[in-house]
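The values are calculated or read from the model by the stated rules, or taken from the named source; none is laboratory data. These numbers come from a predicted model, not from an experiment. Side chains included, ligands, DNA and RNA excluded: accessible areas come from the protein's heavy atoms. Shrake-Rupley method; radii C 1.70, N 1.55, O 1.52, S 1.80 Å.
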Amino acid sequence: MTGNELRELLGTSSAECHRRLMKEYGRYVYAIVFNKLRSCGTKEDIEECFCDVFTDIFLKFDYDEKYTNDIKGYIGTIAKRTAIDRFRRLSAENSHNAYTDDEDMAELVSNFSVDDHVDSSELRIILLQKIKELGEPDSTILMQKFYYNRKSSEIAKTVSMTASSVRSRCTRAMEKLRGKLAEVGITK
C-alpha cells in the first residue's frame, strides 16, 4: 500500500482506510513494539503502545506527495519512536518501584529484637564489669567456666591450682558476684 492508495481510500472512506492500514501493517508495528518493550513491559503495555502508534498515524499522517512511496518507513519510524518513549517511561517507573509479595516478605521477618539486644548488651557490660571487680583468679575462673565452658581440671592448669580449689573458688566467686549484681539492682 502506498501513500497515494491511502489518500484515495481516505477520500472514499476513512474507516476503510484505517482498517486496511491496520491489516497491512499491524504485524509489522506489533513486532517493533514487542521487541522494544518485552524486557520491561507487560502485555497490556505492549498493546497500549501498539494502539498509540496507530492513533499517531491516523491523526498525524500527512497524505501529501512526500510519503507516496515510503509509507512503511514512516510507520516503522513512528512505531520505533513511540515504543522507545514508552520503554523509557516504563523503565523509569520500574526503577522506582519494588514489587514484593507476602510470601517473599515473610522470609525476611526476623525474630531479632533491637530492644532485647540493647538490654542484653547493657546487662552483659555490667556483668563483665562486676566480674572484673572480683579480681584474680576469681574473674579468670568465672570467665573460663561460664563463657568458655571449660571444666575445672582445665581451668586449674591455667591458674596453677587444683581442680577442687577451682570449684570452691568458683562457688565463692559466684556468691560475691550475686552480691555485686544485687547492689546495682540485678537479681536472678
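So here's what we get for this one:
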{"read-out": "Rounded percent of accessible protein surface that carbon and sulfur make up, segment 129-172, 1.4 Å probe", "value": "48"}
{"read-out": "Cross-link partners of Lys80 among lysines (Cα-Cα below 18 Å; sequence separation of 8 or more within a chain)", "value": "Lys36, Lys43, Lys60, Lys72"}
{"read-out": "Surface accessible to a 1.4 Å probe, Leu6 within the full protein complex, Å²", "value": "0"}
{"read-out": "Sequence-distant residues sharing a close amide H with Arg150 (under 5 Å, placed H)", "value": "Lys145"}
{"read-out": "Solvent-accessible area per residue for segment 141-188 (1.4 angstrom probe, square angstrom)", "value": "72"}
{"read-out": "Area of Tyr30 that stays accessible when all protein chains are in place (1.4 Å probe, Å², to 10)", "value": "80"}
